[in-house]
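Student: Please see the structure below; I have some questions.
The values are calculated or read from the model by the stated rules, or taken from the named source; none is laboratory data. This is a predicted model, so every value here is computed, not measured. Ideal geometry is used to build each Cβ from the backbone, glycine not excepted, and the neighbour counts take in all protein chains shown.
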Amino acid sequence: MQLQDRIENKTLRAIAEKVEQNIPVDESDARYMLATNDVLDLGTIANHIRTRLHGDTAYYGVNMNLNYTNICQLRCPLCAFSCDDGDASSYVLSLDEIEKRVSSAVASGIDEVHIVGGLHPALKLDYFEHMLRLIKKIRPDIFIVAFTAVEYEHFAKLNGLSIEDVFKRLIDAGVNALPGGGAEIFASGVREIIAPKKIPGQRWLDIMRIAHSMGLKTNATMLYNHQESMDDIVDHLFKIRQLQGETGGFKTFVPLPFHQENTQIESKSRATTGYDDIRIYATSRIVLHNVPHLKALWMYLGEKMAQVLLRFGVDDIAGTYDNEKVVHAAGAKTPDFGSERFLRRLIEEAKLVPVRTTAGYGANGGM
Ligand code: SF4
């Protein structure tokens with residue numbers, strides 16, 4: 001039976017026909033999908049693409065999170081994690097402390113270190129080069145996903161270097177891929193409210209284009225459920241799709257529901273519902289036909305929602321993330337450590353086959 005024959009909703013059936021024929025959906029299709037209550041039909045289309053790309057496989061990682069400092073010059077209103085230098089809660093991890101934490105996580109069997117932090121006014125590039133080399137010395141084949149486009153821009157300015165030179169030096173020191181943070185929502189009006197000092201959306205895309213041209217694969221995120229409109233979401237998705245069409249450098253798209261607690265942003269004064277999350281994830285899977293992976297961070301969404309999304313386009317429920325700080329500062333209620341067994345169970349009970357991987361997806365992850 002063809003995909004469209006399984007869809008009852010007339011408009012979604014037309015979208016299914018496009019998907020079946022590998023015709024990219026357009027912006028009005030995306031608007032319809034972001035508003036529909038026919039989430040089962042929507043899920044059938046998203047799951048079709050997910051299965052075409054990944055069969056019965058679902059990915060997870062065993063990794064640690066390293067938030068090297070919470071001191072940040074930008075103090076974005078959306079951020080519950082950052083503070084000023086000198087605040088009682090401020091910290092910078094010393095290289096000794098980093099060595100201790102990574103060694104202990106490596107001994108427990110992690111494959112990947114995920115590194116992001118605030119824009120510190122005085123940490124020069126050699127701190128990061130030492131950090132990366134130290135981590136690779138502890139385990140040479142560990143996969144390092146490090147620093148958002150916002151941090152790379154900061155490193156370039158602080159050190160008087162081009163972005164290309166910063167990439168060269170940090171690749172040389174051990175960076176394997178980039179996380180997708182800092183994208184937030186590209187629309188400038190909303191960005192002005194939630195993160196006025198952060199690089200503009202266009203600059204984020206330009207830095208990703210440079211990263212891709214230098215052989216780095218990256219993720220891309222989208223923060224939703226704050227002040228954005230549906231058009232802002234559509235704009236964000238299509239900008240990612242367009243750049244992916246040029247570079248092919250995005251491995252994974254990661255929508256992130258906004259957590260408001262301890263931030264200075266009035267969100268839509270409600271948490272997302274299951275339908276909201278399903279619409280965002282399934283639409284992302286269908287619009288971003290050219291981005292191989294769609295990741296649901298169980299820590300942001302709750303483990304039950306992340307598991308359900310495995311049938312609405314998601315193929316990756318992210319990692320164990322030992323010691324995550326950023327989203328928990330904003331009130332995420334999930335435990336900050338999920339064991340490997342716990343993640344495998346979520347996948348297996350969705351009747352999918354768990355595959356342990358890294359942000360590079362390696363041999364098993366294909367794509
Ligand atoms: S979101 Fe990032 S750049 Fe903005 S204040 Fe927080 S740590 Fe700094």
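Student: Return the residues of region 141-161 that are of a type in the set (Gly, Ala, Ser), crowded, with 21+ Cβ neighbours inside 10 Å and either more than 16 Å from the ligand (Cβ to nearest atom) or in a helix (DSSP H, G or I) (or both); say none if nothing qualifies. Even if it seems obvious, please write down each step before you answer.
Tutor: We begin by selecting, within region 141-161, every residue of a type in the set (Gly, Ala, Ser); these are 146, 149, 156, 160.
Filter again for crowded, with 21+ Cβ neighbours inside 10 Å, leaving 146, 149.
Ala149 - this is the single residue of region 141-161 that is of a type in the set (Gly, Ala, Ser), crowded, with 21+ Cβ neighbours inside 10 Å and either more than 16 Å from the ligand (Cβ to nearest atom) or in a helix (DSSP H, G or I) (or both).
Student: Follow-up question, since we're still on this one. Which helices (runs of 4 or more DSSP H) sit wholly inside region 220-313 and have at least 2 residues that are within 22 Å of Ile347 (Cβ to Cβ)? Don't jump to the end; show me each part of the working.
Tutor: Numbers: elements: 230-247, 274-287, 298-301, 303-309.
In region 220-313, the matching helices (runs of 4 or more DSSP H) lie at 274-287, 298-301, 303-309.
Student: Kindly evaluate Ala177 against the criterion of being free of Cβ contacts under 8 Å to residues at least 60 places away in the same chain, more than 16 Å from the ligand (Cβ to nearest atom) and crowded, with 20+ Cβ neighbours inside 10 Å.
Tutor: Numbers: free of Cβ contacts under 8 Å to residues at least 60 places away in the same chain: no; more than 16 Å from the ligand (Cβ to nearest atom): yes; crowded, with 20+ Cβ neighbours inside 10 Å: yes.
The answer is no for Ala177.
Each row is one residue, and each column tells you yes or no for (1) surrounded by fewer than 23 Cβ atoms within 10 Å (Cβ to Cβ); (2) at pLDDT 95 or above; (3) out of contact with any Ser or Thr (no Cβ under 7 Å at 6 or more places or on another chain).
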| position | (1), (2), (3) |
| --- | --- |
| Arg270 | yes, no, yes |
| Thr273 | yes, no, yes |
| Arg285 | no, yes, yes |
| Asn290 | yes, yes, yes |
| Lys295 | no, yes, no |
| Phe312 | no, yes, yes |
| His328 | yes, no, yes |
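Student: Show the residue pairs that are 6+ apart or on different chains and have beta-carbon atoms under 9 Å apart, the first residue being within region 302-319 and within 9 Å of Ala282 (Cα to Cα), the second being part of a strand (DSSP E or B) and of a type outside the set (Asp, Glu).
Tutor: Leu309/Leu294; Leu309/Ile317; Gly313/Leu294; Val314/Ala58; Val314/His293; Val314/Leu294; Val314/Lys295
Student: Let me ask you something else. If you scan region 243-268, which residues turn out to be loosely packed, with under 14 Cβ neighbours inside 10 Å and more than 20 Å from Thr148 (Cα to Cα)?
Tutor: Residues of region 243-268 that are loosely packed, with under 14 Cβ neighbours inside 10 Å, as a first pass: 245-246, 248, 261-262, 264, 266.
Once the filter is applied, which keeps residues that are loosely packed, with under 14 Cβ neighbours inside 10 Å and more than 20 Å from Thr148 (Cα to Cα), region 243-268 yields Gly245, Glu246, Glu261, Asn262, Gln264, Glu266.
Student: In region 148-174, which residues are polar (S, T, N, Q) and touching a residue at least 24 places away in the same chain (Cβ under 8 Å)? Break it down stepwise before answering.
Tutor: Step one: filter region 148-174 for residues polar (S, T, N, Q), giving 148, 159, 162.
Residues satisfying the conditions are Thr148, Asn159.
Student: Within 17 Å of Ile210 (Cβ to Cβ), within 15 Å of the ligand (Cβ to nearest atom) and assigned to a helix (DSSP H, G or I): does that describe Glu164?
Tutor: Numbers: within 17 Å of Ile210 (Cβ to Cβ): yes; within 15 Å of the ligand (Cβ to nearest atom): no; assigned to a helix (DSSP H, G or I): yes.
Criteria not met by Glu164.
Student: Would you confirm, using the coordinates I've provided, whether Ala271 is under 25 Å from Ile115 (Cβ atoms) and either among the hydrophobic types (A, V, I, L, M, F, W, C) or over 13 Å from the mean Cα position of the chain (by Cα) (or both)? Reasoning before the result, please.
Tutor: On the way: under 25 Å from Ile115 (Cβ atoms): no; either among the hydrophobic types (A, V, I, L, M, F, W, C) or over 13 Å from the mean Cα position of the chain (by Cα) (or both): yes.
Judged against the criteria, Ala271 is not a match.
Student: Could you check, for region 13-23, whether at least one of its residues is at pLDDT 95 or above, basic (Lys, Arg) and within 21 Å of Met131 (Cβ to Cβ)?
Tutor: No.
Student: Assuming Ala183 fulfils every condition listed in (1) within 17 Å of the chain's Cα centre (by Cα); (2) away from the ligand (no atom under 16 Å from the Cβ); (3) in a loop (DSSP other than H, G, I, E, B) apart from one, which condition is it?
Tutor: Only one criterion is unmet by Ala183, namely (2).
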